[in-house]
1. From a point 7 Å beyond the Cα of Q378 in the direction of its Cβ, which residues of region 10-50 have a backbone N at a distance under 18 Å?
2. Nearest 500 deg cm²/dmol is fine: what mean residue ellipticity at 222 nm does the chain get from its DSSP H runs of n ≥ 4 alone, each adding -39,500 (n - 2.57), divided by its residue count?
3. Does region 390-479 classify as rounded, prolate or oblate by the C-alpha gyration tensor (a ≥ b ≥ c root eigenvalues; a/c under 1.5 gives rounded; else a/b over b/c gives prolate, otherwise oblate)?
4. Take T422, project a point 7 Å from its Cα along the Cβ direction, then tell me which residues of region 435-466 have their backbone nitrogen under 13 Å from it.
5. Nearest 0.05, what FRET efficiency do E253 and S138 give at R0 = 41 Å with Cβ-Cβ as r?
6. Going 7 Å from the Cα of K394 in the Cα-to-Cβ direction, what parts of region 46-70 have a backbone nitrogen less than 18 Å from that spot?
7. Under 26 Å between alpha carbons, and skipping anything fewer than 8 positions from K423 in its own chain: which lysines qualify?
8. Of the trypsin sites (Lys or Arg not before Pro) in region 144-181, which ones lie in a loop per DSSP and count no more than 15 other C-beta atoms within 10 Å?
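Quick note: the coordinates plus some simple rules give every number you see, no bench work behind them. Quick caveat, the model's predicted, so the values are computed rather than measured. When we count neighbours, we look across all protein chains shown, and the Cβ atoms used for this are built from the backbone with ideal geometry, even at glycine.
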Amino acid sequence: MQRFQFVVVGGGIAGVTCVEQLASDFPSAEVGLITAASHIKAVANFKQVSQTLEEFDVEERPPSVLQEKYPNVTVFQSAVRSLQADQHTLQTEDGRSVGYEKLCICSGARPKLLTQDQPYVLGVRDTDSVQEFQKRLSSAKRIVVVGNGGIALELVFEVRGCEVVWAVKDKAIGNTFFDAGAAQFLIPSLEAQRPPRDAVCKRARYTTEQGPEGNSDGGPEGGLHTFTAGPYHTGHPTTLRGHLQLGVRVEYECEVQEIFTPSDPLRPQPEADYGAWPVYVRLTNGRTVGCDFIVSATGVVPNTDAFLQGNNFSLAEDGGLRVDDHMMTSERDVYAAGDVCSACWEPSALWQQMRLWTQARQMGWFAGRCMAADVLTQPIELDFCFELFAHITKFFNYKVVILGKFNAQGLGADHELLVRCTKGQEYVKVVLRGGKMVGAVLVGETDLEETFENLILNQMDLTPYKDELLNPNIDIEDYFD
Ligand code: FAD
């Protein structure tokens, strides 16, 4: 058996950041990284935009890069099969036994599939599944995307040359990240990049309210159908621009009731012709949509399976490993970070967990620091990055910054919203509670993120300034200087 002072499982952003933190803090300690994937994910071009906002690219790299940079790191490419937390040992799928003093589980999460073992349902999670998606998209005429989070948003916007029916369970698109107002602001972007439909082909005309009118059997007039998974895959440019893009039809407030194929003996009756498409989706709004395949983007399930048997991990409601404010699980000497864990400490009033790169990096880094502090028997406080939720991203080509309780999460009726919107340019929303700013959504080049971040952090009473706060003629930065 090979023994290490520190072992980290998972070569995603959380695991790699944790390994880097440990390897540089303890150059003389042996650090083992066990990861199922052939490549690791690394943070590149890191930029601290403001006190809490950070931006970086995610790059896939061969594991040797890590070993070259840190000679005390050993990477094993194999999946962990089992863990004996009481004995501090792990077994890998390729038959290895590994011992540890401190372990950090960073095994991420997998897409929550609508249904298992249905070849027409695809989850998108990594380079391999994106490639599979690309392959199937190249001959697809229509796909159904189910889900309303970041992946669905990105996917619907980026798919080219294929009709998309987008089923969302909420009243507005992008509910995970913003509100109906921001969604309304963004909707025209779904149309703007698309050529007029008549110019594309003689096909169905869709509205967001109605079903298809007229013929819907046409495919794109030649050309590839393309998709890029956004910044996630900056190392693997996959978009081929300039191809035709067909319409997106949004089906609001509905979920998938059932999925069936034309040959399915249990398919609902009577419906006209079930032969035209390989698979059909019956939605809870009563509509049935035929398509080439279905993309399931309805959230993720933490990858905990390999670690649970024989151990006493406390799990959160979402299936994640519960961690305290030292990223420690309920098992001794076992920490967890990133998508696999659920933050179960009493959070700051302005922070919430969301399974995003930024939090994977912050948690991996903080877990590494906590493991180090534990070894050195030093105290450590919860880091400042968990004080205020802050995320910067791009949706539909707009810069999007979300801060704090951006959707008035958990505030009930005890809040007030201020909104400023300039069509095609910017959307600004501020959430106030008791006159203090507790959240914001900034879409477009608003240049307000630092000022608003400060106003949220210092909890200044804004009651006297409320009317001027979003006045476009006032330089708000100067105002609060
Ligand atoms: P992961 O990156 O999932 O890494 C987990 C690692 O654990 C992998 O290397 C895996 O091989 C390994 N592993 C799993 N099980 C085992 C095992 N039993 N033994 C050994 N190794 C194991 N977030 C954003 O902020 N912005 C975005 O634009 C964005 N886009 C996304 C697009 C897609 C398609 C998806 C699926 C997610 C996206 N996310 C985005 C979310 C983001 O990718 C995750 O929050 C983040 O990658 C989580 O990092 P992690 O290190 O916890 O897990």
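1. Within reach of a label on Q378, which here means backbone N under 18 Å from a point 7 Å along Cα→Cβ, region 10-50 contributes 18-30.
2. Helix contribution divided over all residues of the chain: -5500 deg cm²/dmol.
3. oblate
4. 443-448
5. Step by step, r from the Cβ atoms, then E = 0.80.
6. 46-49, 54-60
7. Candidates past the 8-residue exclusion: K169, K171, K394, K399, K405, K466.
8. Answer by residue number: K171.
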